[in-house]
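Report on the structure given below.
The values are calculated or read from the model by the stated rules, or taken from the named source; none is laboratory data. In this text, all values refer to a predicted model and were calculated from it rather than measured experimentally. Ideal geometry is used to build each Cβ from the backbone, glycine not excepted, and the neighbour counts take in all protein chains shown. Ligands, DNA and RNA are excluded from the accessible area calculation, which covers all protein heavy atoms including side chains. Shrake-Rupley method; radii C 1.70, N 1.55, O 1.52, S 1.80 Å.
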Amino acid sequence: MKPAPFTYHRPATLDAVLDLLAAHGADAQILAGGQSLGPLLNLRMAMPEHVIDINDLADLGQMRRRDDWFEIGALVRHHAVATSPEGRRCMPLLAAAVGTIGHYAIRQRGTMGGSLVQADPAAQIPLVALALDAEVTIQSRRGVRSVPVADFVLSAMEVALDDDEIVTGLGFPLQSPTQGWSFQNFCRRRGDYALASVAVILDLAEDGTLADLRCCVGGTAPVAQRLADLEAGARGHHPTPAWQRDTAQQIAATVPAEDDSKATEAFRREIVEVLSIRALAEAVKRARVSEVQP
Amino acid sequence: MTGPARREITLSVNGERRSLTVAPRKLLSDALREDLILTGTHVGCEHGVCGACTVLIDGRPARSCLAFAVQMEGHEITTIEKVAEGGEFSPLQQALHDHHALQCGFCTAGIIMTFQAFLAEVPDPTEDEVRDVLSGNLCRCTGYQPIVAAILSAARVMRGEGQA
Amino acid sequence: MSGDTLFTQIGRALPRKEDRRLLLGKGRFLDDIVLPGALHVCFVRAPLAHARIVGIDSAEAQALPGVIGVFTGADLARWTTKLRLEPAIEGLHPVQMTALPIDKVRFQGDPVACVVATDRYVAEDAAELVVVDFEPLDAVASFEKALEPGAPLVDDSLPSNLVSHQTFAAGDVAARRDEAFSIVEARFGLHRHTHAPLETRGCLADWDAGREHLTFHIGTQAPHPLRSQLAARLKLAESQVTVVSPDIGGAFGQKIALYREELCVAALSRHLGRPVRWREDRLENLTSASHARESVCRTRVSVAADGRILGLELWLTEDFGAYCFYPANYMARVVAMILTGPYRIADYAFDVQVALTNKCGNGPMRAPMAITSWVMDGTIDAIAARLGLDPVEVRRRNTIRVADLPYTMPTGEVLEDVTPLETLEAAVAAIDVPGFRARQAEGREQGRYLGLGLCTVVESTTYGSKFYKAAGIPGSGHEAAWVRIEPSGAVNASVGLMGSGQGYESPLSQAVAEGLGVTAEAVRLQMGNTDVAPYGMGSRGGRGATAGGGTLYLCAQKAQAHVLRLAAHVLNLNDATGLRLREARVERLLDGDWQPTSLTLADLARTAYLDPTALPAGMAPGLDFSLTYDPPPMTYSNATHACEVELTPATGELRIRRYLVAEDCGTVLNPIVVRGQQQGAVAMGLSGALFEEVVYDADGQNLSATLGDYMIATATEMPEIEILALHTPSRRTPAGIKGMAEGGIMGAIGALSNAVNDALAPFGVVADQMPLSPQRLRDLLRGATSKNAGKVPPK
C-alpha cells in the first residue's frame, strides 16, 4: 500500500496554485489535510501525476465572522472549527457536526474544503452545509465564483469543480441565537461514516408555531437530501411531540434511500426515523430555551 | 525509488534539525522509520484507521501514514523517542506501565502521542472524553479498559493531584 | 483450596518486563531489523475468487528499474516441495498445495506471482504491471453452495468440497429422545472473523551462501515447528535453518503456520543470494492471511420436565475456505469434543462437516473452539425458554459438581479440579439476578428492554500429546526448557514458546524463580531463536502457563536440587535435606526455622564452573539444565460470564451495561498478566460478536478489505469488564497451573448472545446468527410485537 509516483508542488501563494491548476488541472490533486486523499493514494485508488500541497496557504486557514456570514477558509482544520468559541457560538450546528468527524487526530489535519470536495454521501460537512445554505467560494485563473452548496455537490464523490478550480472557502449565514438545531448520526463505531444522519434547524414564531424548518438527511443516497416540500409544509405547525413523530415518519418515508453493502434501504429508513425524532425534539427544545435566554 | 525527482528536505525531528533526500511519494511513516531510523513509530494499516503511526506534527497528533515526508520541510515532528526525557518515563508512560495498559505494544506509541497532545489541551478530561479520543487508536489486546484507567491516572498526576 | 500461599514468586503482581522497551519505542519488531541490501517483495494477487491461470506476462514489470525479478508458481516449484496434509484420520481427505498456485487460483487474494525489487514502492509499481490472464470459473462462496451436488470443486483433487466428515456417538441419543419430556432444537451461526493483529505478517530471509545457512526473521508463535516446515519445504537440513522471532505485534493464532508467502521469501533469498523481506499490507492481511470461525451449529436436546438434559446431538458445519494450512477437522473437532463442557451429559452424538469454499483459508484464531460455550449455554437457555424455567436453575440442575469429579465427558475427556458450579454461583450473586429481573420487568413496562445472559465456560487450555492422539489430530503437546546459571550467578532460561504480546517474560521468570529459589527479577528469558531455545511446540491454545511455565518450573526445580547438592558438599553436610535456595541464597532449616547461610547462588556457580575440582565426586562441572515435559492430555479452566445489555428496539442498538467474569484458572503465575488476558479475550469476543465480519459477496469478492470495513471495536464500544478470581489448583500439573486466555472469547460470545435473546424475549424472536448488528436485530424485530409494549417501535 504505497502511493504511485507523483510530482510534488508546494506553492506559496494562491496565485501559484491557480497557475499549477491551469497547467496540470486534469492530472493534479490538491493535497490539503490528506485524511481522505492519503488513503486513496496509498490504496492507488487515486494516481495523480501532480500533487499540489496547499498547506502553506495561510490565508486559507483563517475563519472569521463578517457581517451576517461566517467565513471559513478551505484549509481550516476540523478541530479548529469544532473547538473555536466563536464558531460554537455563531455556528453551533456546524461545530457540533464537525466535532464528530473521524477521530481526534484525523480532525487535527482534516480540512473543511477537503471534506466538502471529497463529497462522501455520509459525511458531515456536505450535510450541514446544505442545511445551513452555505456558499462555496471557488477560484481559478478565470476568476472567482460562488456557488450554493446545493448546486456544488453533484453525486457521491462528485462536485461541480472544473479541473483548473480550487475551493478556497465556505461561507455560512450566521445561525440566529434563537434558532433550534440538532445534528444526529448513526454510526456502527465512533468515528465511522454514518449509516444515516439528520440535521435540523428551526425557528419558532412568537406563538410557538414553526416559522422556519430546515431538514436534511445524509448517508441514505449519493448526496445529502434537503426535504424542501416537507420544510414548506411545516410552517405554521405547532411542533408538538405528535407532530415530531409524524414528521419523522414522513421524513423516513419520503427521503431517497438505497441499499448498499453497509445497510439495507429498509434499515436506513428506520434509522432516519429515529434520528429525525431525536433531532426534531432536540431542535425544538433548543429553540424554546433560546427564546427565554436570548 | 523511481519516479519524479527526489528532494532534499530539512525538518525538525524531536528537536533536532535533520536533512534527508526523499521521493515525493515517500510516506512520513516510512521516512521516519527507514531514513531516520526512528522505529518506535509503528505502521499498522496505512489507511489512517488504526492510529499506530500517530506522531505530532507541529505539536498536533497526526497519522504519519497519511502525510508525505516531503511535506514536512520546515515543520516540527515529535515521535515516541522524544517522550521519555533522559530515559525517564513521562507520567503517561508510567501510568500505562502501572495499569498494565499494553500487551503487544504495537499500538502503544500511537496512543502515547495522541494523549501527550490531548492531555496538554484538555488536562482534566472525563472518562467519556478519554474514550472518545482513544477511539482513534485500535488496540487488539487489552480491551482498552486499562488504557483508559492509565490515561485518567496520568492526567491526575500531570495536574499535580498525586500519584495513580 | 488455594495453594498459592506456599509460593514466593508465583502469584506476585510483578510488572511486565517487556513494558520498558515497548513504552520507550525501543521494541524490536520485524520491520525494525535492518539488513543492508535487503530486497523487497510484493505479491501479485488474484482479483477473482476462482479462475484458471492461463498465462502470466511479467515482461513490463521486469523492465522497471529496480526490479530484480518476477517469480511464479512454476519457478517456486523448482525450489520448494509441496505442503502435504495427509494425516491418517478417518473422514478427512488428504490435501496438498504448492508454494504458489500454478494452475488455478482459489480465492480473491490468492498469490500468483512474487515481485522482487530494491524498494517496496517499486515492487508495488511492478506488481501493477504484471498481467495475468485468468479464465474465470464459477465460485462457491458459502458452504451451502459448496455442498450442493455438482458444485464447482475448490480443490480439483477431491471428490467433493466436503473435505472432512466425522461422526461420533456415546450412549443412546435415540432412546433418550424417546424418553424425553421435551425435545428442544436450536441453531447457532457464527460468522467469518479474521485475527487482524495490529502488526501484520512479515518476514526477512537471509541466506548465507558461504555457510549454506538460512536465518529467517519472522514473528512466529511456534519457532521450532516453523523451522521444521521451512527446512523440509526448502529441502534443507533443520541444522541449516535458524528461525528468529523478534517482538510480535499480536498474533492470535495467525502466526503459527508456515504460509506460502513466507516460504516464497525464504526460497527467493536462497535463489538470489541476498536478504529478502516482506511486509504484508493491511489489505492483504484482511483478505489473504487467515480467516476463522465461520460455522453453523444445530443442537437437538432431549430434556426431562425439570430441565435435566438426557441426551444431546450436535450438527456442525464449518466453512473452511480454500486452503488447508491445518487439517480441516482441526478446529471443528475440538468444538464437538468439549461441547458438553460443564454439564452432566452422558448420551451425546455429533456430526461434523467441513467444507472447502472459494474464500481465504481458515486457521485457529484465539479460541478456535469459540462457538462451543455459546452453543451449549444457548441450548440451555432454549431449554429454559421452552419449559418456562429459570435459566439459572436449569444450569444448576445440569452443572457438574465437585462430587462428580473426576468427570469423564461422553467423548472421553476427563475434567478434574474444575468448579463450574462455584463460578456460576459467584457470577449469579455478583450480577444480582433477582435485582436484575425486577429492573427488567420495570423497564419493559416503560418500553426499555434489558437482557441478562450467562455463559459457563470450560476452556480446554493445555493440549497434551495424548489429546491430539485421541482427537485424531496430528501434533505433539510437549514442551521443552533449559535453565542455565551462569558463572556470575546470573540466571538465563529458555523455552519453546514465543510470546506475541501476552507478556510472557514476567510470569515465566516467576515460574523459573519459584523452582530455582531466586527472585523473578533476576531471571532472564531467552525466547524465539531456534538456535538458543529448545525444541518446543510454541504458543497456541492456552498452553503458555502450563506447558511453558510448568516445564520451566520443573526444570528450575531440577536446577535447585543440583545446586543444593553442591551446597551440601560445600557446607560439609551429608546431603541436601534441610537446605533450600531463597532469593539466590542457601538457607538451612535449623530448629524448625529457615536460617540464611553465607552461601549464595553466585558462590556455587563460581565453584561449579571455575573450580570443578572442588565439586563432589561424580558431579559434572557447570550449571546447565534442560528438561522436556508432556502435560496431561488436557487441562481445563472454567468460568462463568454474566452480561447485562440494553436493547433499543427502534434501532437495534445494544449497550452493554455490565459485564463480569468469575474465572477459576488454577494457580496464577502473575495476576496482572492473567487479568489482561481475561479482559482482552472478553473484548475480542465482544468485538467479534458485535462488529467484526469478513463479508464475501456471492461471487467470492471480499467486501471487508480495510479496517474501515472490518470493524474492530474501539474504546467507546467496549465495557468495563469485572473479574472475580477463583483459584483451584490442578493436581495434575506443576504448581497447579491450568492455563487460560481463550475462554474469555467463548464466554463473551455466549453471554452476550444469551443477554440479547433475553432482551428480545418479549418480541418472540431469537437471534441465532452473529454478528449481532443493529441491522440484523432490526430485521428480526421488524413486524414483531412485544408482549409488553404492543407494536415495536419506531414510533
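Values as computed for the structure displayed
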item	result
Three-way shape call for chain C based on the alpha-carbon gyration tensor, with the a/c threshold at 1.5	oblate
In the range C:69-141, the trypsin sites (Lys or Arg not before Pro) that fall in loop regions by DSSP, at most 13 other Cβ within 10 Å	C:LYS82
Backbone N under 15 Å from the C:ARG177 label point (7 Å along Cα→Cβ), restricted to the range C:289-309	C:298-303
Inter-label distance for C:LEU35 and C:ALA403, nm, one decimal - labels placed 7 Å from Cα along Cα-to-Cβ	6.4 nm
Additional length obtainable on full extension of the chain from C:THR167 to C:ALA698, 0.36 nm per residue less Cα span	188.2 nm
Per residue accessible area in Å² of the protein assembly as shown, where ligands, DNA and RNA are left out and the probe is 1.4 Å	34 Å²
Under 21 Å from the Cα of C:LYS787 - lysines, other chains or at least 8 residues apart	C:LYS795
Helix-only mean residue ellipticity at 222 nm for chain C, each DSSP H run of n ≥ 4 adding -39500 (n - 2.57), per residue, nearest 500	-8000 deg cm²/dmol
Estimated FRET transfer efficiency when R0 is 60 angstrom, pair C:LEU6-C:GLU86 (beta carbons, to 0.05)	0.80
Of all accessible heavy-atom area on the range A:58-172, the percent that carbon and sulfur account for (1.4 Å)	46 percent
Pairwise burial A:C, computed as accessible area of each alone minus the pair, summed, 1.4 Å, Å²	2400 Å²
Links that overshoot a 30 Å alpha carbon limit, given the list C:LYS26/C:LYS738; C:LYS235/C:LYS469; C:LYS255/C:LYS466; C:LYS145/C:LYS235	C:LYS26/C:LYS738; C:LYS145/C:LYS235
Within the accessible area of the range B:12-164 (1.4 Å probe), percent carbon and sulfur	46 percent
DSSP-assigned coil residues among trypsin sites (Lys or Arg not before Pro) in the range C:192-252, each with at most 12 further Cβ atoms within 10 Å	C:ARG211, C:LYS235
Estimated FRET transfer efficiency when R0 is 41 angstrom, pair A:GLU265-B:VAL122 (beta carbons, to 0.05)	0.55
Accessible area buried between chains C and B, both sides summed, probe 1.4 Å, in Å² to nearest 100	4200 Å²
Interface residues in the range A:1-29 - accessible area drops by 10 Å² or more relative to the isolated chain, probe 1.4 Å	A:MET1, A:LYS2, A:PRO3, A:PRO5, A:PHE6, A:THR7, A:TYR8, A:ARG10
Gyration tensor verdict on the range A:1-112 (Cα atoms; rounded if a/c is under 1.5, prolate if a/b is larger than b/c, oblate otherwise)	oblate
Label-point separation, A:GLN62 to A:ASP19 (7 Å along Cα→Cβ), nm	2.3 nm
Pairwise label distance in nanometres, C:ALA430 with B:THR10, each label 7 Å out on the Cα-Cβ vector	6.1 nm
Accessible surface of the range C:703-795, 1.4 Å probe, proportion on carbon and sulfur as whole %	53 percent
Summed buried accessible area for B+A [probe radius 1.4 Å, Å², rounded to 100]	2700 Å²
Candidate aspartates and glutamates - alpha carbon under 18 Å from C:LYS82, same-chain residues fewer than 8 apart omitted	C:ASP103, C:ASP110, C:ASP155, C:ASP156, C:GLU238, C:GLU261, C:GLU262
Estimated FRET transfer efficiency (C:ASP611, C:GLU416; beta-carbon r; R0 60 Å; 0.05)	0.80
Cα-based shape type of the range C:1-105, given that a ≥ b ≥ c are square roots of the gyration tensor eigenvalues and the cut on a/c is 1.5	oblate
